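Enquirer: Can you keep this structure in mind? I'll have questions shortly.
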């Protein structure tokens, strides 16, 4: 098998059983991207409230160096199957550990984390359960020498003892949007973190052809990089988020997902800047217009592991409740960052309720639905000038590519990279 490792790692936190299973080639070929594969496995594993599992799946092109093909999928069950794309390097590291899929089931007796390297271990971490994700990452890496520490890839949750529905997943210092529901699955399993450090190579079907495709793609990107960066900023002007240009106009270190030349994430003074969706939540949902206040609140989200999307939805419902006159004293006013921080630190505040439950309790379901729809509309606006976007995005999602790739490389190139890596023709 080429492109894939062909193996699944199954870890039972309750029994401690660790097993390696072979994956059927036709399954991988039919679901070549991380989210596509994770969703299918969730169906095959029949996950539910009573049989919940964490399924993390790497796609065929994760770890190959294909530009913008870094997204793996992570799935669990919260009212229904939830699957989110995980950026940066975690998907590639799964492949370097010798697997395509991790399935985590059962519940640990006490708080634990999983270490996958030369061996697979379930390690107790009870006394560190209240640490934030950045502290947990530091402690896990402190067990290794500097080189291996920097190569270890981690996902974790925040203070598990005071679990909030707003907590999300953090990977290598970056808080991932839309992961609040999945963090709750980690918490119910007493799983604080997963750390990976792989040593295996990937075999490609036609390596020379694949490397030639990558070389030409990177050269083409460098030739038009300046024009793309200008276009990148112009794209987001269409959505009218004032804070985006003001935050990204500052000098900052460019951060890329594995193998991606675009490097659309930014760091400043070792801290991630909010990505576009997070900026939308801070600016448009919470009404924060000051750069300093937005960055300060986002730093707090990163440190504590709070999903900016979950926070934005809950905060906006509270703001709308205040405007509706249902409270004598508004529970939150737009732009009041100080009050948001106060409510975040009070685990009994309304802000820590799930936004959908808060909306249902105060008869604001239609407002909540409009907020969710507004997030979906952003993508359509950003990619509105790409011909055939609705059809192309289905293939992009199925292969685990970041959609920004559509602005840079011919759609046909992505198909060629898949076929050179796997030796397979892409099915409908």
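Enquirer: Check 14, 34, 76 and return the single one that is touching a strand residue (DSSP E or B) at 6+ places or on another chain (Cβ under 9 Å), within 16 Å of residue 398 (Cβ to Cβ) and in contact (Cβ under 8 Å) with a residue 60 or more places away in the chain.
Expert: The conditions single out 34.
Enquirer: Looking at 210, 200, 236, which is the one that is surrounded by fewer than 17 Cβ atoms within 10 Å (Cβ to Cβ) and out of contact with any strand residue (DSSP E or B) (no Cβ under 9 Å at 6 or more places or on another chain)?
Expert: Details: 210 fails: surrounded by fewer than 17 Cβ atoms within 10 Å (Cβ to Cβ); 236 fails: surrounded by fewer than 17 Cβ atoms within 10 Å (Cβ to Cβ).
Within the list 210, 200, 236, the selection yields 200.
Enquirer: Select the helices (runs of 4 or more DSSP H) contained entirely in region 311-428, then report the ones holding at least 3 residues which are in contact (Cβ under 8 Å) with a residue 12 or more places away in the chain and more than 24 Å from residue 179 (Cβ to Cβ).
Expert: Filter on region 311-428 gives 389-399, 411-422.
Enquirer: Give the residue that is modelled with the lowest pLDDT, with candidates limited to residues of region 123-150 that are buried (at least 16 other Cβ atoms within 10 Å of the Cβ) and over 23 Å from the mean Cα position of the chain (by Cα).
Expert: Ranking the candidates gives 128 first.
Enquirer: Right, here's the next one. With respect to residue 27, determine if the residue is at negative phi, in contact with a helix residue (DSSP H, G or I) (Cβ under 8 Å, 6 or more places away or on another chain) and surrounded by fewer than 20 Cβ atoms within 10 Å (Cβ to Cβ).
Expert: yes
Enquirer: Condition test on residue 186, is it crowded, with 21+ Cβ neighbours inside 10 Å and either within 24 Å of the chain's Cα centre (by Cα) or at positive phi (or both)?
Expert: yes
Enquirer: While we're looking at this one, here's another question. Let me confirm something: among 153, 162, which residue is in contact (Cβ under 8 Å) with a residue 40 or more places away in the chain and either at positive phi or surrounded by fewer than 18 Cβ atoms within 10 Å (Cβ to Cβ) (or both)?
Expert: Working: 153 fails: either at positive phi or surrounded by fewer than 18 Cβ atoms within 10 Å (Cβ to Cβ) (or both).
Step by step, each of 153, 162 is checked, and only 162 is in contact (Cβ under 8 Å) with a residue 40 or more places away in the chain and either at positive phi or surrounded by fewer than 18 Cβ atoms within 10 Å (Cβ to Cβ) (or both).
Enquirer: Restricting attention to region 345-376, which residues are under 30 Å from residue 92 (Cα atoms) and surrounded by fewer than 17 Cβ atoms within 10 Å (Cβ to Cβ)? If you could, list the steps in order and put the result at the bottom.
Expert: At the first step, the residues of region 345-376 found to be under 30 Å from residue 92 (Cα atoms) are 375-376.
The one that is under 30 Å from residue 92 (Cα atoms) and surrounded by fewer than 17 Cβ atoms within 10 Å (Cβ to Cβ): 376.
Enquirer: So, of the residues in region 214-234 that are more than 27 Å from the chain's Cα centre (by Cα) and at pLDDT 90 or above, which turns out to be nearest to residue 3 (Cα to Cα)?
Expert: Checked region 214-234; the qualifying residue nearest to residue 3 (Cα to Cα) is 215.
The values are calculated or read from the model by the stated rules, or taken from the named source; none is laboratory data. Bear in mind the structure is a predicted one, so any value in this text is a computation, not a measurement. Quick reminder, even Gly has a Cβ in these numbers, built from the backbone with ideal geometry, and neighbours come from all protein chains shown.
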